[in-house]
Amino acid sequence: MNISSRQSPDHAPEHKNLDRETVASLPKVVLHDHLDGGLRPRTVIDLAADCGYDSLPTTDPGALGRWFVDAADSGSLEKYLETFAHTCAVMQTRRALHRVAREAVEDLAADGVVYAELRFAPEQHQEQGLGLREVVEAVVEGVREGEKTAALAGRTIRARVILCAMRHADRSGEIADLLVEYRKEAAREKRGYVVGFDIAGAEDGFPPSCCSGAFATLRRELVPFTIHAGEAAGIGSLEGAVREGTWRIGHGARLYEDFTADLESGIEPGHVSSFVRDRQIILELAPTSNIQTGVVDDLADHPLPLLQQLGFACTVNTDNRLVSGTTMTDEMMLLVDTFGYGVGELFELTATAIGGAFIPEPERREIMETLIVPGWDALTGETTETTRRTATGEADGEPSPTLTPAGDLEGIDPQLLAELGIDPGDLFPGN
Ligand SMILES: [Zn+2]
């Protein structure tokens with residue numbers, strides 16, 4: 001997929017002021033969503049009762065949901081990590097893992113997500129004796145069931161799984177080997193639910209090189225991976241991730257640390273960030289989470305719009321739906337309300353996300369053509385043939401200038417179009 005990450009230009013007035021209902025109805029893609037950070041509060045309480053876990057701060061679902069968000073908001077890393085101690089404590093049986101995975105898929109589907117990659121660290125679910133494979137199988141079965149129950153509710157979603165290794169735990173080689181085995185089996189049996197690898201947990205003090213053996217295995221076996229970087233640690237961690245050959249970066253918000261700015265040339269990415277931009281390494285940004293973990297003080301300071309303007313391959317994600325009290329619709333609405341994002345920018349984020357998914361290209365294309373583009377067509381009321389062609393790289397040999405629905409190109413400075421080599425007549429044949 002020929003994904004351009006050029007920021008989309010101004011939008012036609014009717015596309016401004018996207019409301020929540022509209023954004024909720026749009027087909028969305030999430031690449032970065034932690035299974036253990038996205039449980040329903042009610043489920044945490046039920047599972048705690050099932051397994052005799054009595055350390056929850058409350059057993060009222062509403063109050064528990066608020067407690068998770070407040071704890072994550074507190075600015076205390078201890079409190080933030082405590083939230084995951086509770087969720088992981090109740091996810092120690094096949095039944096519990098199956099339920100959490102199924103509900104995650106159902107909840108994402110209900111939010112209009114049509115493709116999701118859910119991630120979790122199998123090693124964190126072995127306290128009651130489950131083997132790594134049992135953990136993964138329970139989650140995969142839950143995901144498959146979630147796809148089916150979502151379909152019964154009239155929602156189409158495809159969900160896949162990323163296996164994380166915890167940076168501090170020294171088991172990344174084992175998890176990478178497990179993933180490689182799964183990928184080989186999946187290729188034989190044509191059922192690829194486990195699609196990629198990630199390292200999670202404390203970034204500061206555990207640079208990507210802590211897991212270099214795992215990354216070497218994955219590179220050798222041609223299995224894609226992403227790396228949490230540029231969140232709790234800065235440009236050094238990002239450089240480490242790039243050096244490991246990462247396909248995507250979990251967050252990457254702190255790429256701006258090697259930017260320079262002057263009056264003549266404006267803002268210029270530095271050595272590491274230029275590489276990330278030029279290679280179009282996908283950034284899995286999650287604005288609410290980035291505020292909670294102190295990457296930025298408030299949303300208005302979030303670098304996502306700047307990164308998108310500078311040509312980075314940006315996506316927007318939930319990270320932890322329970323802990324951040326968020327959904328994909330919420331994250332997109334934050335961008336609409338704070339930065340005036342319109343349909344063009346949101347479509348670009350979505351197209352970049354599906355382009356960076358760890359599934360095979362024909363599947364990405366199918367999702368783009370059968371789910372995403374029709375949904376945006378329904379919004380704009382226009383034929384987004386241009387959108388489809390540019391997003392899928394079928395630009396009749398011409399450059400793919402932007403990913404915005406055609407209507408959003410109206411009103412662009414004709415000189416800019418000329419510089420880009422675009423004939424407005426091609427885009428708006430009726431004009
Ligand atoms: Zn994350």
Suppose we keep only residues that are in contact with a Ser or Thr (Cβ under 8 Å, 6 or more places away or on another chain) and among the β-branched types (Val, Ile, Thr) within the stretch 31-45. Which one would you say is surrounded by the fewest Cβ atoms within 10 Å (Cβ to Cβ)? Ile45
Go through the residues of the stretch 193-202 one by one and say whether even a single one is more than 28 Å from Val113 (Cβ to Cβ), surrounded by fewer than 17 Cβ atoms within 10 Å (Cβ to Cβ), more than 22 Å from the chain's Cα centre (by Cα) and not hydroxyl-bearing (Ser, Thr, Tyr). no
May I ask you to list the residues in the stretch 146-158 that are within 19 Å of the chain's Cα centre (by Cα) and over 11 Å from Asp107 (Cβ atoms)? Glu147, Thr156, Arg158
Just to check your reading of the model, which residue among Thr246, Thr260 is hydroxyl-bearing (Ser, Thr, Tyr) and in contact with a Gly (Cβ under 8 Å, 6 or more places away or on another chain)? Thr260
Flagged in the stretch 81-99 as β-branched (Val, Ile, Thr) and farther than 12 Å from Asp50 by Cβ, in numbering order, are Thr83, Thr87
Quick one: Glu331 ticks every box in (1) within 30 Å of His86 (Cβ to Cβ); (2) within 16 Å of the ligand (Cβ to nearest atom); (3) in contact (Cβ under 8 Å) with a residue 60 or more places away in the chain except a single one, so which number is it? (3)
Scan the stretch 187-202 and give yes if some residue there is assigned to a loop (DSSP other than H, G, I, E, B) and within 16 Å of the ligand (Cβ to nearest atom), otherwise no. yes
Kindly provide the set of residues from the stretch 229-274 that are modelled with pLDDT under 90 and within 14 Å of the ligand (Cβ to nearest atom), ordered by number. Gly230, Glu231, Ala232, Ala233
The stretch 11-94: helices (runs of 4 or more DSSP H) wholly inside it with 1 or more residues that are modelled with pLDDT of 95 or more, within 16 Å of the ligand (Cβ to nearest atom) and more than 30 Å from Leu335 (Cβ to Cβ) are 77-89
Residue in the stretch 162-192 that is surrounded by the fewest Cβ atoms within 10 Å (Cβ to Cβ), counting only those that are under 13 Å from Phe120 (Cβ atoms) and out of contact with any Lys or Arg (no Cβ under 8 Å at 6 or more places or on another chain): Met166
Taking the stretch 19-39 on its own, how many of its residues are closer than 27 Å to Ile199 by Cβ and of a type in the set (D, E, K, R)? 3
Does Glu141 satisfy the criteria of being part of a helix (DSSP H, G or I), over 19 Å from Asn320 (Cβ atoms), modelled with pLDDT of 95 or more and touching a His at 6+ places or on another chain (Cβ under 8 Å)? yes
Under 7 Å by Cβ, and 6 or more places apart or on different chains, what pairs join a residue from the stretch 348-375 that is without any contact (Cβ under 8 Å) to a residue 60 or more places away in the chain and surrounded by 15 or more Cβ atoms within 10 Å (Cβ to Cβ) with one that is basic (Lys, Arg) and part of a helix (DSSP H, G or I)? Val373/Arg388
Would a scan of the stretch 187-199 turn up a residue that is in contact with a Cys (Cβ under 8 Å, 6 or more places away or on another chain), touching a residue at least 60 places away in the same chain (Cβ under 8 Å) and within 30 Å of Leu304 (Cβ to Cβ)? yes
Can you spot a residue in the stretch 228-244 that is free of Cβ contacts under 8 Å to residues at least 24 places away in the same chain and farther than 17 Å from Gly173 by Cβ? yes
Kindly indicate the residue of the stretch 208-227 that is within 16 Å of the ligand (Cβ to nearest atom) and at pLDDT below 95 and also farthest from the chain's Cα centre (by Cα) among those meeting that condition. Cys211
Answer yes or no: is there a residue in the stretch 343-352 that is in a loop (DSSP other than H, G, I, E, B), modelled with pLDDT of 95 or more and on the phi < 0 side of the Ramachandran plot. no
Against the definition (out of contact with any helix residue (DSSP H, G or I) (no Cβ under 8 Å at 6 or more places or on another chain) and more than 19 Å from Ala357 (Cα to Cα)), how does Glu185 come out, yes or no? yes
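The values are calculated or read from the model by the stated rules, or taken from the named source; none is laboratory data. Please read all numbers here as calculations on a predicted model, not as lab measurements. Heads up, the Cβs are rebuilt from the backbone with ideal geometry, glycines too, and the neighbour counts pull from every protein chain shown.
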